[in-house]
Amino acid sequence: MSDLLVWSIIAAQILLGLAMACSVFRILAGPRAQDRVVGFDSLYVNAMLLLLTYGIRSGSSLYFEAALIVALLGFVSTVALAKFLLRGEVIE
Amino acid sequence: MSEPAEIPVLAETLTAALLFFGAVITLIGAFGLVRLPTFYQRVHAPTLGMTLGAVCVALASMIYFSALGTRVVVHEVLIVIFVLFTTPITLLILVRAAVVRDRSEQSGLARSTERTER
């Protein structure tokens, strides 16, 4: 693994961490509930990308499956939260 | 951390560039989430930024692992397809919920002001 790839992985991890910090700020400071849900949505996508980056760094395929599970569960929970905001209950 | 095997320079450079580009695009999207003023503007920034960022990072992982020769490429295509399908669905459902909430709040506000005027 060359220096270029190592440094670009480190830079990508730092940038994705900053993006997660932005999402956490929106979760904590969002004026209304839908702002917090949007912040949570971008938070789990960022976590998934961070897992993919870590998988490239370590060269193992385990992180990919974790990223796929994070994406699936994050999508389901975001839709459940949006449904709750829309109707007041998740399963009718 | 174990050092992986050597891979061709072209694949390595492409992986590095795509990783960095995807991370920068994702950060721009998240920064828009912080800076834009209203909710309906804020929804768009992470949706646009994170779709392109996720596609770039998954492409980088795909190129790296297929150059390494450890496994088949199809896995990351799964993530790309999943992200491309779910992000607009999330946007639509969230914006619909926000519109319904805003409308009910406004009608409730109008009713309460009528009550106070009376």
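For the reader, a short list of remarks on this structure follows.
- Across segment B:82-91, the qualifying residues are those that are within 11 Å of another protein chain (Cβ to nearest Cβ) and exposed (fewer than 15 other Cβ atoms within 10 Å of the Cβ), and the one among them that is farthest from residue A:49 (Cα to Cα) is B:89.
- Against the list (1) more than 9 Å from every other protein chain (Cβ to nearest Cβ); (2) assigned to a helix (DSSP H, G or I); (3) over 13 Å from the mean Cα position of the chain (by Cα), the condition residue A:77 fails is (3).
- Residue B:94 vs. criteria more than 9 Å from chain A (Cβ to nearest Cβ) and either in contact (Cβ under 8 Å) with a residue 24 or more places away in the chain or farther than 15 Å from residue A:45 by Cβ (or both): no
- Within segment B:1-10, if we keep just the residues that are surrounded by fewer than 16 Cβ atoms within 10 Å (Cβ to Cβ) and among the aliphatic types (A, V, I, L, M), the residue that is modelled with the lowest pLDDT turns out to be B:1.
- Note on segment A:30-39: residues that are facing chain B (nearest Cβ under 7 Å) and either touching a residue at least 40 places away in the same chain (Cβ under 8 Å) or crowded, with 24+ Cβ neighbours inside 10 Å (or both) amount to 3.
- Across segment B:15-33, the qualifying residues are those that are among the aromatic types (Phe, Trp, Tyr) and under 17 Å from residue A:54 (Cα atoms), and the one among them that is farthest from the other protein chains (Cβ to nearest Cβ) is B:21.
- Of all residues in segment A:48-62 being touching a residue at least 12 places away in the same chain (Cβ under 8 Å) and out of contact with any Ser or Thr (no Cβ under 9 Å at 6 or more places or on another chain), the one that is nearest to residue A:35 (Cα to Cα): A:48
Residue-by-condition table, conditions (1) more than 8 Å from chain B (Cβ to nearest Cβ); (2) farther than 20 Å from residue B:93 by Cβ; (3) surrounded by fewer than 20 Cβ atoms within 10 Å (Cβ to Cβ):
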| site | (1), (2), (3) |
| --- | --- |
| A:8 | no, yes, no |
| A:12 | no, yes, no |
| A:22 | no, yes, no |
| A:28 | yes, yes, yes |
| A:41 | no, no, no |
| A:81 | yes, no, no |
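- Checking each residue in segment B:44-81 for being buried (at least 22 other Cβ atoms within 10 Å of the Cβ), facing another protein chain (nearest Cβ under 7 Å) and farther than 16 Å from residue A:53 by Cα picks out only B:46.
- Filter pass, residue A:57 being at the interface with chain B (Cβ under 8 Å from one of its Cβ atoms) and farther than 19 Å from residue B:87 by Cβ: yes
The values are calculated or read from the model by the stated rules, or taken from the named source; none is laboratory data. The model shown is predicted, which means the values in this text are computed figures rather than measured ones. For neighbour counting, all protein chains shown are included, and Cβ atoms are generated from backbone atoms with ideal geometry for every residue, glycine included.
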